[in-house]
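Participant: My questions will all concern the structure given below.
The values are calculated or read from the model by the stated rules, or taken from the named source; none is laboratory data. Remember, predicted model here, so these are calculated numbers, not experimental data. We place every Cβ from the backbone using ideal geometry, glycine too, and count neighbours over all the protein chains shown. The protein model used for the area step is the full one, side chains on, heavy atoms only, and it has no ligands, DNA or RNA in it. Shrake-Rupley method; radii C 1.70, N 1.55, O 1.52, S 1.80 Å.
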Amino acid sequence: MGLFEALEQAAGLTTATPGAAGASPSATAVAAVGAVVKMVQAQPGGVTGVIQRFESAGLGGVVGSWVGAGANQNVSPQQVQSTLGAGPVGQVAQDLGVSHDEAAGHIAQFLPLILGHLGAGGQSPTGGGLAELAGLVSTFAGGKAPG
């Protein structure tokens, strides 16, 4: 499932209502994607830095599934918190006005999709593409900037 299909699913849109008038992802889903994109941008090394943190935490196979071809392996909110630390998770929590646990859940849900989008074609993203992604999220949200 692609990033924007996941946003539609998070908004509760079903295949019975594709293209329905006014159909858009929930404001929460769009804000969460925007906050996760912002968090990745703020990490030392950007996308590459985030990937390296997951690899260093023993989750190389998991993060590899996100940027490679095939199905994404799941990551738990606990794994996100222990891998990224309190600072990045706290920033997402602050941006969204939610608890650290909820923020870690949003990161666990959307980070695999974001990295998969940036690594389309099975190649690990090298740090580029986040501005493009933020623009796409903004467009998808009806012109409202995420985050």
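Participant: I'm checking my understanding of the structure. Among residues of region 66-83 that are touching a residue at least 40 places away in the same chain (Cβ under 8 Å) and part of a helix (DSSP H, G or I), which one is nearest to ALA32 (Cα to Cα)?
Facilitator: The qualifying residue nearest to ALA32 (Cα to Cα) is TRP66.
Participant: GLY87 is checked against (1) open to solvent by 30 Å² or more (accessible area, probe 1.4 Å); (2) at pLDDT 65 or above; (3) in contact with a helix residue (DSSP H, G or I) (Cβ under 6 Å, 6 or more places away or on another chain) and fails just one. What number does that condition carry?
Facilitator: (3)
Participant: When the residues of region 90-115 are narrowed to those that are in contact (Cβ under 8 Å) with a residue 40 or more places away in the chain and of a type in the set (S, T, N, Q), which ends up least open to solvent (accessible area, probe 1.4 Å)?
Facilitator: GLN91
Participant: Could you tell me whether any residue of region 65-78 is surrounded by 15 or more Cβ atoms within 10 Å (Cβ to Cβ) and at pLDDT 95 or above?
Facilitator: yes
Participant: Which ones in region 47-63 are more than 17 Å from GLY105 (Cβ to Cβ) and either more than 14 Å from the chain's Cα centre (by Cα) or modelled with pLDDT under 85 (or both)?
Facilitator: Scanning region 47-63 gives THR48, GLY49, GLN52, ARG53, GLU55, SER56, ALA57, GLY58, GLY60, GLY61.
Participant: Could you please give the count of residues in region 38-64 that are open to solvent by 80 Å² or more (accessible area, probe 1.4 Å) and touching a residue at least 60 places away in the same chain (Cβ under 8 Å)?
Facilitator: Count: 2.
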